[in-house]
Amino acid sequence: MLSLTVAPKRRYLVPFNPKRIPHLFTDVLIVGAGIAGIRAALSVDPKLHVVIATKDRIDLSNSAWAQGGIAGVFDPEDAIANHVADTLAAGKGLCNPQIVEMVVREAPERIRELEMLGTHFDQENGGIALTQEGGHSHRRVVHALGDATGKEIMRALIDKVRGEPSLDVWERTFTIDLLTYDGECRGAIVWNPEHGKTFVWAKQTILCTGGAGRLFRETTNPEIATADGQAMAFRAGAEVRDMELMQFHPTVLYIAGSSRHLISEAVRGEGGLLRDVQGHRFMPEYDPAAELAPRDVVSRAITRQMEKTRHHCVYLDVTHLPKELIAERFPHIRKVCQEFGLDLTRDLIPVRPGAHYMIGGVSVDAEARTTLPRLWAAGEVTSSGLHGANRLASNSLLEGLVFGLRAGRNASAAALSEPDRFTAYPLESTLADSPALKDELQLDDLLNSLNSEMGRHVGIDRDAAGLDSALRQVEFWDRYVGPREFATVRGWELQNLLLTAQLMIRTALARTESRGVHYRTDFPQTDPRQARHIPLIRA
Ligand SMILES: Cc1cc2nc3c(=O)[nH]c(=O)nc-3n(C[C@H](O)[C@H](O)[C@H](O)COP(=O)(O)OP(=O)(O)OC[C@H]3O[C@@H](n4cnc5c(N)ncnc54)[C@H](O)[C@@H]3O)c2cc1C
């Protein structure tokens, strides 16, 4: 298929003049310090200098918020072929089978490696404890601290990074744009409150900026997930693909005033049941696997049931499970619910779907190479071919590990083969076409409006009329936001979200079928002729 094209309002979000900005030279620049970024950093040769730039504290990432666990075959009754088959089945014809095989085969080794790096996974009968999640045919999800797997993994990885003298972590450092010269990536322009803008020239750059959940109001993602990486890679000329594929998590805590905590799949894996406002258990009417059906099926079933019952949420029921199991397996969820006066042994948990995982992203091959020379990418910012049109639960931390390792190793080898040149390239960015800044923009208002528009027309149910209207609206906002010069992270994030929203809506319009997480009410069937990726490049 031919690539779709979109014209970003600008190549660089900020003006700069290399004579007025400090320069730093490094071997490898890694943007993002989640599981993918840190795994990449740990596979760079310690002879090389590495800068890891992360826009907030190092412990704030989707990775640190991961709950359920990581999938890998450890049970003797399970087999690699089963994990491959489950991943392909969830992916609905868009997975790359070689990538799936590669990732699944490597899973046990990557997980053992995390243990060697200091992660304590939960144990059972003298071995690693395994649970089962939606879409998995066997118990193969490894977890830690009950339901705070990401927190424990990231604790161990961050400890390790802090002890490595060749790795410099720059926290609260926002990467504004990737620098390109002669069609190759040469590093990035970053900003932090103490030093302002800085050019970081790198022999090789690795993008690990995570997801895009903040396009939507209802999301499980932390504030950092504003699609910066997808947008900056696109502006720099890298191909992105399948941007319509946003996975919604079926069960996000829905209590006014609370942040949207995810109620992990594992709760249903351990026997939790979904009931509507009348107490009716509805999932068996939608899918034979009932509560353990893939996420897209459960999310749509909940949406339908909310419409049917005209109620703003459904309820997760664990009151029939042993008290000890709840305390042991879901301490985090239990604590959050307690804060709102809910006792899981007695009360039902109000939930509804929320944006959770960005499946589409920067195209990478099996070696984590993007289409832009000298730029590698790993983790949620990418589209690697592992997830296809729907991600199987607990496969994404795994993807971050497998591709993070490859990105780091390959960037390292390439940087080692290149002598130090300390070249600053003659780049300049002006904002000639920027409109006069007479009126301060209300960024919160714009973000709220974008979130509402995306939820209304680009959420779980989509159709041509809604998508067209959303595109017109987002393009209108981008006409006056896109060309502006902002001096704050909030402004740059909004510009990135507006660009990514357009990429998402355009591909959602182009996929005139329903497949995996992409559901078109005007094209409810899957069309075998559309079992292909939808690439996008800069016009
Ligand atoms: C609540 C929740 C629960 C989940 N549970 C599971 C689970 O049980 N199992 C599973 O496999 N997956 C789970 N996921 C998904 C999984 O956590 C993510 O897909 C994965 O952690 C992504 O890792 P990453 O390294 O690609 O990105 P992240 O971990 O999100 O890291 C992104 C990094 O990039 C930085 N960054 C972003 N933009 C910029 C910028 N402009 N400049 C500088 N730095 C930037 C961020 O600060 C951060 O350090 C869950 C996700 C959520 C939100």
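The values are calculated or read from the model by the stated rules, or taken from the named source; none is laboratory data. Quick caveat, the model's predicted, so the values are computed rather than measured. Positions of Cβ are backbone-derived with ideal geometry, glycine not excepted, and every protein chain shown enters the neighbour counts.
Can you work out which of the residues in segment 520-539 that are of a type in the set (D, E, K, R) and without any contact (Cβ under 8 Å) to a residue 60 or more places away in the chain is surrounded by the most Cβ atoms within 10 Å (Cβ to Cβ)?
R520
Go through segment 510-530 residue by residue and tally those that are of a type outside the set (A, V, I, L, M, F, W, C) and part of a loop (DSSP other than H, G, I, E, B).
Within segment 510-530, residues that are of a type outside the set (A, V, I, L, M, F, W, C) and part of a loop (DSSP other than H, G, I, E, B) number 12.
Restricting segment 115-132 to residues that are over 15 Å from V73 (Cα atoms) and in contact with a strand residue (DSSP E or B) (Cβ under 9 Å, 6 or more places away or on another chain), which is surrounded by the most Cβ atoms within 10 Å (Cβ to Cβ)?
D122
Quick grid of which residues meet (1) more than 21 Å from G360 (Cβ to Cβ); (2) modelled with pLDDT of 95 or more; (3) β-branched (V, I, T); (4) loosely packed, with under 13 Cβ neighbours inside 10 Å:
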{"residue": "V402", "(1), (2), (3), (4)": "no, yes, yes, no"}
{"residue": "L427", "(1), (2), (3), (4)": "yes, no, no, no"}
{"residue": "A432", "(1), (2), (3), (4)": "yes, no, no, yes"}
{"residue": "L441", "(1), (2), (3), (4)": "yes, no, no, no"}
{"residue": "G459", "(1), (2), (3), (4)": "no, yes, no, no"}
{"residue": "L471", "(1), (2), (3), (4)": "no, yes, no, no"}
{"residue": "W477", "(1), (2), (3), (4)": "yes, yes, no, no"}
{"residue": "V489", "(1), (2), (3), (4)": "yes, yes, yes, no"}
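Taking segment 477-493 only, how many residues are outside any helix (DSSP H, G or I) and within 16 Å of the ligand (Cβ to nearest atom)?
3
Name the helices (runs of 4 or more DSSP H) wholly within segment 7-104 that hold at least 3 residues that are under 22 Å from the mean Cα position of the chain (by Cα) and more than 11 Å from the ligand (Cβ to nearest atom)?
80-91
Does segment 125-161 hold any residues that are more than 14 Å from the ligand (Cβ to nearest atom), of a type in the set (D, E, K, R) and at pLDDT 95 or above, and which are they?
Within segment 125-161, D159, K160 qualify.
Pick from segment 220-241 the residues that are of a type in the set (A, V, I, L, M) and out of contact with any strand residue (DSSP E or B) (no Cβ under 6 Å at 6 or more places or on another chain): which of them is nearest to the ligand (Cβ to nearest atom)?
So, considering only residues that are of a type in the set (A, V, I, L, M) and out of contact with any strand residue (DSSP E or B) (no Cβ under 6 Å at 6 or more places or on another chain), the one nearest to the ligand (Cβ to nearest atom) is I224.
Sort out which residues of segment 391-410 are near the ligand (Cβ under 8 Å from one of its atoms) and assigned to a helix (DSSP H, G or I), and write them in order of number.
S396, L397, L398, E399, G400, G404
Quick test of your reading of the structure: L427 fulfils all but one of (1) of a type outside the set (D, E); (2) part of a loop (DSSP other than H, G, I, E, B); (3) away from the ligand (no atom under 16 Å from the Cβ); (4) closer than 23 Å to G211 by Cβ. Name the failing condition by number.
Evaluating L427 over (1) of a type outside the set (D, E); (2) part of a loop (DSSP other than H, G, I, E, B); (3) away from the ligand (no atom under 16 Å from the Cβ); (4) closer than 23 Å to G211 by Cβ leaves (4) as the failure.
Residues Q123, Q67, Q132, Q98: which one is closer than 30 Å to S417 by Cα and of a type outside the set (G, A, S)?
One residue alone meets the criteria, Q98.
Is it the case that some residue within segment 173-183 is near the ligand (Cβ under 8 Å from one of its atoms) and of a type in the set (S, T, N, Q)?
Scanning segment 173-183 turns up at least one residue that is near the ligand (Cβ under 8 Å from one of its atoms) and of a type in the set (S, T, N, Q).
Could you please find all residues in segment 123-150 being of a type in the set (D, E, K, R) and in contact (Cβ under 8 Å) with a residue 24 or more places away in the chain?
Within segment 123-150, E133, R139, R140, D147 meet the criteria.
If I ask for residues that are touching a residue at least 40 places away in the same chain (Cβ under 8 Å) and surrounded by fewer than 22 Cβ atoms within 10 Å (Cβ to Cβ), which ones from segment 289-312 would you list?
Passing the criteria: A289, L292, A293, R300, T303, M306, H312.
Looking only at residues that are at pLDDT below 95 and of a type in the set (A, V, I, L, M, F, W, C) in segment 15-40, which one is nearest to E493 (Cα to Cα)?
This residue is F16.
Report yes if T198 is more than 27 Å from A539 (Cα to Cα) and more than 9 Å from the ligand (Cβ to nearest atom), otherwise no.
yes
Of all residues being part of a loop (DSSP other than H, G, I, E, B) and surrounded by 24 or more Cβ atoms within 10 Å (Cβ to Cβ) in segment 242-260, which is nearest to the ligand (Cβ to nearest atom)? Just the residue, please.
Within segment 242-260, the match that is nearest to the ligand (Cβ to nearest atom) is L245.
Specify the residue that is farthest from the chain's Cα centre (by Cα); the eligible residues are those in segment 379-433 that are within 24 Å of E101 (Cβ to Cβ) and among the polar types (S, T, N, Q).
Ranking the candidates gives N410 first.
Looking only at segment 4-35, which residues are surrounded by fewer than 18 Cβ atoms within 10 Å (Cβ to Cβ) and either of a type in the set (G, A, S) or without any contact (Cβ under 8 Å) to a residue 24 or more places away in the chain (or both)?
A7, K19, R20, listed by residue number.
What pairs can you find where one residue is in segment 441-462 and basic (K, R), the other is in a helix (DSSP H, G or I), and their Cβ atoms are less than 8 Å apart, with a gap of 6+ or different chains?
Filtered contacts from segment 441-462: R456/G466; R456/A470; R462/A508.
So A414 clears everything in (1) of a type in the set (G, A, S); (2) surrounded by 23 or more Cβ atoms within 10 Å (Cβ to Cβ); (3) part of a helix (DSSP H, G or I) except one condition, right? Which one?
(2)
Output the strands (runs of 3 or more DSSP E) that fall wholly within segment 136-227 and possess 2 or more residues being within 17 Å of L60 (Cα to Cα) and within 19 Å of the chain's Cα centre (by Cα), or say none.
174-181
Can you tell me which condition R275 does not meet? The list is (1) modelled with pLDDT of 95 or more; (2) of a type outside the set (F, W, Y); (3) within 16 Å of the ligand (Cβ to nearest atom), and all the others hold.
(3)
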